[in-house]
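First comes the structure, then the notes that go with it.
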Amino acid sequence: MELKPEIVARIEKLDEKYKAMGQNLTSYLDGLLFADYLTYWDYIHLDTLLSLQSPKTSFPDEQVFIMYHQITELYFRLCMVEFEQLEKKKTMDVDYFISKLGRINRYFDALISSFDIMVDGMDVAQFMQFRMSLLPASGFQSGQYRMIEICSTDFVNLITKDQGTKYSGIYTDSMIDGMYEHMYWKAGATELSTGQKTLTLEQFEKKYSPEFLSLAKRFRTRNLSAIYHSLSADQQKEEALINALKHLDVNVNINWKLSHYRSAVRYLQKDPVDIAATGGTNWQKYLPPRFQRISFFPYLWNNEDMENWGKNWVKANVFGKKD
Ligand code: HEM
């Protein structure tokens, strides 16, 4: 049988490839001959994926709770894949930057529009029972959420406002350890009455602090804000780029946080006394973006935007009022 020229050409290329590595093509062709065909279920590890849910109770809705958290973490991982590519790009061009921001924004758009799966998709009575079996674990302990923040902005934008002024301007790697003590989110799991860190926070720090610190140093000059500032003055003025960055700021720091806040309101708000949150804090004073006022790119907003950070969304979506 005569081989088609395109097959011969490929065999020759393969031969070159393996020779260059001191390998024998015949052995690799034997491997190909005996290898099984790839299946969909093996490729995506479907059986493993579907075995990763281990509810702590027999309430069926606990599975909704577990899987939606897992779905969220996969989207967070997709965001990290984009941050890692941006980090490695030696010469940045605006179109590439915008396309990566577009991807991260789409992942967050998907998460924000699907959050109703949490807000409306579980039976409140079941939730109230199974949540007690999960203490002291909390979504607050999502390390990837913090990694997204670290890769998005200068570290100084993630510390409490009273400390921020100390570090204005350029900061160095060695200053990051000191700044870390003042991360804004530590207030989300510190007992209000005693100032004590909760067990939720202690365990979180034990697992992730070294990783957060090394990531913050690695991304000090490669986070999105730093990349933006490394562009030329003309590039920084590109409207599509500014819009993509603002979209991300609103997506992560307002819209995701408020979609999430709606679930806390649905399950934990009960007049006259609210149900204690896992973090042991007053979640109503911590979770709303209008109290946190975290922005990845504060210089892209005016004073009025920052004053009203998160407010219109709350009015329209949590309290049902429209301006
Ligand atoms: C019924 C659903 C949910 C409720 C009632 C809820 C409740 C809470 C509460 C009360 C807090 C404050 C800290 C604490 O006391 O534990 C918190 C923080 C947090 N949760 Fe959830 N949560 C829900 C779903 C989720 C999901 C699906 C995720 C996805 C990973 C998540 C991720 C987070 C994160 C990242 C924080 C920290 C937020 C921040 O620092 O602003 N939560 N959650």
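Overview of results
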read-out	value
Spin-label pair LEU33/LEU50, simplified geometry with 7 Å Cα→Cβ offset, distance in nm	3.6 nm
List ASP61, ASP234, ordered by accessible area with a 1.4 Å probe, largest first	ASP234, ASP61
Candidates per trypsin sites (Lys or Arg not before Pro) in segment 192-278, loop by DSSP, up to 14 other Cβ within 10 Å	LYS237, LYS270
Dipole axis of the chain (+1 Lys, Arg; -1 Asp, Glu on Cβ), positive-most option in GLY31, TYR18, LEU111	LEU111
On Cα atoms only, tilt of 143-152 relative to the major axis of the chain in degrees	80 degrees
Candidates VAL94, VAL252, VAL119: whichever shows maximal mean-square fluctuation once the chain is modelled as a Gaussian network with Cα springs under 10 Å	VAL94
R0 of 22 Å, Cβ-Cβ distance SER133-LYS285: FRET efficiency to nearest 0.05	0.25
Diffusion coefficient, µm² s⁻¹, Stokes-Einstein with Kirkwood Rh over alpha-carbon pairs of segment 61-318 at 25 °C and 0.890 mPa s	127 µm²/s
Residue list for segment 200-240, given a label point 7 angstrom along the Cα-to-Cβ vector of MET175 and an amide N cut-off under 15 Å	217, 220-221, 226
Fluctuation leader among ALA244, ALA216, ALA35 - the chain, Gaussian network, Cα springs under 10 angstrom	ALA35
Nearby aspartates and glutamates by direct alpha-carbon distance to LYS56 (threshold 19 angstrom, same-chain neighbours under 8 apart not counted)	ASP123
Exposed-site-free run, longest, the chain (rule: GluC sites (Glu not before Pro); DSSP loop; at most 10 other C-beta within 10 Å)	3-180
Using θ = phi - 60° and Karplus 6.51 cos²θ - 1.76 cosθ + 1.60, couplings along segment 115-129 (whole Hz; Gly, Pro as x)	5, 4, 4, 7, 4, 10, x, 10, 6, 4, 4, 5, 4, 4, 7
Which of LEU241, LEU38, LEU52 is most accessible, then next, and so on - probe 1.4 Å	LEU38, LEU52, LEU241
Rel. contact order, % - alpha carbon contacts under 8 angstrom, at least six apart, the chain	20 percent
Neighbour cut-off at most 10 other Cβ (10 Å), DSSP loop, chymotrypsin sites (Phe, Trp or Tyr not before Pro), segment 30-93	TYR37
Helix 257-268 vs. the chain, principal-axis angle (Cα, 0 to 90°, nearest 10)	60 degrees
Computed magnitude of the charge dipole of the chain (debye, nearest 20; Cβ of K, R +1, Cβ of D, E -1)	820 debye
Loop chymotrypsin sites (Phe, Trp or Tyr not before Pro), segment 207-248, which have at most 15 other Cβ atoms in a 10 Å radius of their Cβ (DSSP)	none
Surface accessible to a 1.4 Å probe, MET80 within the full protein complex, Å²	10 Å²
Helix axis angle, 61-88 relative to the chain longest principal axis, alpha carbon, degrees	60 degrees
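The values are calculated or read from the model by the stated rules, or taken from the named source; none is laboratory data. Model, not experiment: these values are computed from the prediction. Backbone-built Cβ (ideal geometry, glycine too); neighbour counts: all protein chains shown. These area figures cover heavy atoms from the full protein model, side chains too; ligands, DNA and RNA do not enter into them. Shrake-Rupley method; radii C 1.70, N 1.55, O 1.52, S 1.80 Å.
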